[in-house]
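Take a look at the structure set out below.
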Amino acid sequence: MVGQFLAKNNGRSNAYTSMSNTNYYFNVATPALTGALERFAAFFHSPLFAPSCTSRELNAVDSEHKKNHQADLWRIFQVTKHLSRDGHVWRKFGSGSRESLLKAAKDLKAKGQLDKTDVAPRSNGLTLSPVPSRLPSPSPSLASDSSELEEDGGSVGRETRRRLVEWWTKEYCASRMRLCVIGKGTYPCFCHSSCSHCCIQDSLDQLAKFVSALFSPILNRGQDPLPMIYDHPFGPQDKCVCFCLTIICQSSNTCIALVPCIHSDNHVFSFPRHIVSLGVSTITLEIQTGTFHCSSGRP
């Protein structure tokens, strides 16, 4: 429904996940900003987690993963992860597929630990959205407990959804989130608890009050700040290693250098990784043109 609202108001939305955060964003015509923000905020404090939507999202993740099979950057990315130290979190699968996301539930089913009469409840225990803009979640049928082809994915799908809700309940914490809104328009003034019609022309203060009222229902679950991984994924024997990889989009091979870098999220203004990448690009060019010279001496 958010997508339909944005499409009707000259807008669009998307999301991406990097190594340390997930970014959701949208743009929309100025007169529709308030409605878009109301719907956007509900994603975070009152998600539906409809069983059928969970199953469709699994298929979407799997489709994107299969698309990346022939993408050289994704292949190189996964190779570097495979070459990291055993047991390090960086070595984990980098994107996700239907097989990987359903594995835990399928393992339980193989051990006979999934209740065949288990049916997802009509309510997932989440706080109802203050914005009545969505239909209630459908409830799966009793007959679908053994078939992953059913709308809710059967017992495996419901267990996967249960784990998803459990993860959201723990990890979606207000103190770990940041929000940026750029826009103008008219906003409800919230001059009293029942106010829904009184509007004030755009101002930064009114925009801040409006946004704060919409996103305040997001719970602060007392989690620590966003966890970071400072332990380097490559051991001493893995660093400064070059390997060649046959790429798909061109007829030649490419040379990859594992260059040890410090964690640089706290150095956003100097951007050291960009400097390193420029140096690696220069070395790569010299290797390709035959002008690169190695030395065994110390600098």
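The values are calculated or read from the model by the stated rules, or taken from the named source; none is laboratory data. Not measured: the values here are computed from a predicted model. Counting neighbours? That spans all protein chains shown, and the Cβs are built from the backbone with ideal geometry, glycine included.
Here region 91-122 is the region considered, the condition is being of a type in the set (Lys, Arg), closer than 27 Å to Ala71 by Cβ and modelled with pLDDT under 90, and the residue that is nearest to the chain's Cα centre (by Cα) is Lys92. Residues in region 82-106 that are assigned to a helix (DSSP H, G or I) and surrounded by 15 or more Cβ atoms within 10 Å (Cβ to Cβ): Trp90, Arg91, Arg98, Leu101, Leu102, Ala105, Lys106. Flag: Leu219 does not match the condition of being surrounded by 14 or more Cβ atoms within 10 Å (Cβ to Cβ), modelled with pLDDT of 80 or more, of a type outside the set (Ser, Thr, Tyr) and in contact with a strand residue (DSSP E or B) (Cβ under 8 Å, 6 or more places away or on another chain). Arg12 meets all of the listed conditions (1) under 30 Å from Tyr230 (Cβ atoms); (2) over 17 Å from the mean Cα position of the chain (by Cα); (3) of a type in the set (Lys, Arg) but one, namely (1).
Considering only residues in region 142-168 that are within 11 Å of Thr54 (Cβ to Cβ) and outside any helix (DSSP H, G or I), the one that is modelled with the highest pLDDT turns out to be Gly153.
Exactly one residue out of Val2, Val61, Val28 is more than 30 Å from Val156 (Cα to Cα) and either under 17 Å from the mean Cα position of the chain (by Cα) or among the aliphatic types (A, V, I, L, M) (or both): that is Val28.
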